[in-house]
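Read-outs: derived from the displayed coordinates by stated rules, not from any lab. Model, not experiment: these values are computed from the prediction. No Cβ is skipped: glycine too gets one built from the backbone with ideal geometry, and neighbour counts run over all protein chains shown.
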Amino acid sequence: MLNKFDIIVFDIDGTLTRSKLPLDSEMAALLCRLMEKYRVAIISGAGYEQFKWQILDNLSCLPEKMKNLYLLPTDGTVFCRYEDGWQCRHDAPLPQEEKERIRAAFGNIFEESGFERPDKIYGELVEDRGAQLNFSALGQDAPIELKEKWDPDNKKRTQMAEVLKHTLPDFSIRIGGTTSIEVTRVGVDKAYGLNKLIEQTGILKENILYVGDKLFKGGNDEPVLTLGITCRTVPNPEETKTVILEFLGQN
């Protein structure tokens, strides 16, 4: 029964878009149509600026429909809603000393995990997202073609995450995107963000559908499973379009 859902929540990379690419025109149009019938939320480890160029800059929905869209950057440590423009509330960032510990843990992560360090790093290896630090194995600006080849089965990052759990036992460590590992405070993950969404909107858990590509063990969507809401795994954005079309065909 698809019509039992009041809100549909999407991940970004691997779900709405390929890694760090903007929404394509077809997906943007589908999301606008979906917002005519449902409330929609988008949650990701990405920061607000990335949400802006990946998502918002490519949507042409009518302003009154944007009120049906909620944004949860950095796993919900930022919560944004549309009220005559986007209004966002931010959690406190990680303290500087904790950020330094995390950066140091990534210093020799290739060698400690038994992998060869890439010949070239594109942009920053570790990006500061305030309440999260994001490691991207080929750099934050690596070409999508290289990123999708580097760890297609997630085995490299699973091994890296196991190493990090020993050096950073007091942090939450999750696989995200195509080459990313996200590090946050313990308890700050997508379940945290969705609990904030529930609190802010009053929507019941049974009326939420979550759509993501990393619902496997260690994936950054996995914490959503602990909430007892309905989840649907998609392998790529094309399958997400199929899911949206199912909903559009129901009403």
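Per-structure values
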| item | result |
| --- | --- |
| Orphan Cys of the chain, criterion: no other Cys C-beta under 4.7 Å | CYS231 |
| Antiparallel bridges, percent of DSSP beta bridges restricted to the chain (to nearest 5) | 55 |
| Rh (Kirkwood; distinct C-alpha pairs) - region 34-119, Å | 15.5 |
| Relative contact order of the chain, defined on C-alpha pairs under 8 angstrom at six or more residues apart (%) | 24 |
| Loop GluC sites (Glu not before Pro), region 113-194 (other Cβ atoms within 10 Å of the site Cβ: 11 or fewer; DSSP) | GLU116 |
| Alpha-carbon centroids, region 131-174 and region 35-63: separation in whole Å | 25 |
| Top positive-direction residue, dipole computed over the chain with Cβ charges, set THR158, GLN54, PHE216 | PHE216 |
| Matching label, Cα extents along the principal axes in Å computed from the structure shown, candidates (i) 53, 35, 32; (ii) 56, 40, 40; (iii) 51, 42, 33 | (i) |
| Relative intensity, log₁₀ I(q)/I(0), of region 96-185 from a Debye sum that treats every alpha carbon as a point, q = 0.21 Å⁻¹ | -1.02 |
| Dipole magnitude (debye, nearest 20) for the chain, charges at Cβ of Lys, Arg, Asp, Glu | 460 |
| Pairs of Lys in region 96-185 closer than 21 Å at Cα, counting only those 8 or more apart or on different chains | 9 |
| Farthest positive-ward along region 96-185 dipole, Cα basis, beta-carbon charges - from ILE175, GLN96, GLN132 | ILE175 |
| If the convex hull is drawn through the Cα atoms of region 1-64, its volume per residue in Å³ | 96 |
| Percent RCO, i.e. relative contact order, over region 96-185, from Cα pairs under 8 Å lying at least 6 residues apart | 29 |
